[in-house]
Each structure stands twice: as C-alpha cells, then as structure tokens.
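Single-structure report; data block below.
The values are calculated or read from the model by the stated rules, or taken from the named source; none is laboratory data. What you see is a predicted model; the values in this text were computed from it and never measured. Every residue, glycine among them, receives a Cβ derived from its backbone with ideal geometry; neighbour counts consider all protein chains shown. Heads up: the accessible areas ignore ligands, DNA and RNA and are worked out on the full protein's heavy atoms, side chains in. Shrake-Rupley method; radii C 1.70, N 1.55, O 1.52, S 1.80 Å.
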Amino acid sequence: MENKVLENHKLYLERVNFYRSFGYDLELERDFIIDKSLPILGEILEIGTGKGHFALALAKRGYTFKSIDISRQDQEVALLNLRYFKLEKNVALSIEDARFLSFRSKSFNTVFSINVFHHLEEPLKVLKEITRVLTPYGKVVLSDFTDKGLEVINACHTQENRRHDYFKHNLDEAKEYFFALGFEIKEFESQLQRVLVINKEEKGK
C-alpha cells in the first residue's frame with residue numbers, strides 16, 4: 001500500500017482518538033446516524049464529503065453512492081481514507097457547490113448531509129436543491145451537532161489553535177422548510193448529534 005495512504009491513515013486514527021478524548025466518538029456517532037436512517041434504498045447522494053468520515057461509514061456497510069463537496073483538498077483526504085480500506089470504488093467523488101447541483105431532478109432516493117448545515121451561508125438554496133434532486137417518496141437525512149456537540153467541536157478546534165467557522169443556522173430551519181412542504185419528519189438525538197429523517201410523503205397518506 002502506498003506510503004501516502006498509510007501516512008494518511010495514521011493521521012486519521014490520531015484524529016479519531018483526539019476527538020474521542022474530548023468525548024466525541026466519530027465512528028459511534030456515524031453509526032448512530034446510519035442506524036436511524038434505515039432502510040437506505042436506491043440511488044444515494046451525500047452532500048458535504050468533508051474528509052470522508054461519513055462516506056467511509058456508509059461504504060463500510062456496502063453502500064455505493066455519490067458524494068460532493070466544494071473543497072478539493074478535503075475530498076483528496078476522503079479518497080485516501082477510502083483507499084486504505086479498499087472502498088474507493090464505492091464512492092463517486094465530485095467537486096460541486098450544493099447550491100447549484102449538476103444532477104438531474106428526481107435523481108436520488110436518499111440524500112445525506114452530515115454536520116454541514118451550520119457551515120452553510122445560504123441553507124435555503126441547498127434545501128431547494130436537495131428537494132429538486134429527490135425522487136418522489138425519497139428520503140433526506142440531515143444531521144448536525146447538538147449544542148453539546150458544538151461545544152465539544154469548538155473545544156477541539158481551540159485545542160488545535162484553529163477556528164471553527166460557521167454561520168448561525170441550525171436544523172430547525174430545515175425542519176420548518178420541509179414541514180411546510182408537507183414532508184414527514186422523524187427526529188432523533190444522541191448526546192452530541194441531532195438527526196432529522198425526512199420522507200417525501202404527505203402526512204396522512
């Protein structure tokens with residue numbers, strides 16, 4: 001296995017252990033999100049690859065899917081993470097702005113976006129694009145940090161002398177948006193992670 005992949009995996013493990021020392025278990029929280037999202041069917045899109053932590057969790061369960069991010073640098077790290085586990089063929093990575101997705105309307109049965117919402121400058125545009133590419137009776141899974149989770153992440157960034165840049169948007173805005181469209185919404189929460197499972201199905205039907 002190439003040295004770059006091995007070196008990146010070492011950094012990945014250090015990162016996982018660093019967050020775990022603050023009480024945030026990356027792998028456990030990703031599994032929590034996936035378990036609450038089941039069943040996961042059809043064509044899948046992930047919005048916000050980041051460094052590939054959620055993509056890796058999905059791929060480990062055998063799913064194949066597309067994943068987009070605006071950061072080429074982050075996706076390069078994500079690819080290395082996937083390559084270590086020989087799962088890079090499970091995920092089609094591409095650079096896209098979530099406000100202007102290139103995919104056809106009604107292309108995906110399931111759309112995930114994990115720990116992205118608080119970073120969005122224009123969340124309504126992203127939500128409209130998610131709705132556009134979702135098939136009839138499709139499913140949207142949005143997850144972001146609870147207040148406690150955000151405290152932990154901010155503490156991690158402070159320890160690393162980094163700034164956690166984010167806007168003051170939260171999942172209540174997404175909940176209000178989808179509720180107004182008549183979607184069914186189920187909500188789950190761990191200590192650090194909030195999850196909305198949104199089905200494109202009118203209430204009462």
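Couple of notes before you dig in:
- Restricting Lys60, Lys51, Lys66 to residues that are open to solvent by 40 Å² or more (accessible area, probe 1.4 Å), within 27 Å of Asp97 (Cα to Cα) and touching a helix residue (DSSP H, G or I) at 6+ places or on another chain (Cβ under 6 Å) narrows the list to Lys51.
- Some residue of region 73-87 being closer than 29 Å to Lys148 by Cα, at pLDDT below 95, polar (S, T, N, Q) and open to solvent by 20 Å² or more (accessible area, probe 1.4 Å): no
- Residues of region 145-195 that are closer than 15 Å to Ile33 by Cα, part of a loop (DSSP other than H, G, I, E, B) and open to solvent by less than 40 Å² (accessible area, probe 1.4 Å): Thr146, Ser190, Leu192.
- Only one of the numbered conditions (1) touching a helix residue (DSSP H, G or I) at 6+ places or on another chain (Cβ under 7 Å); (2) farther than 19 Å from Gly50 by Cβ is violated by Phe179, and that is (1).
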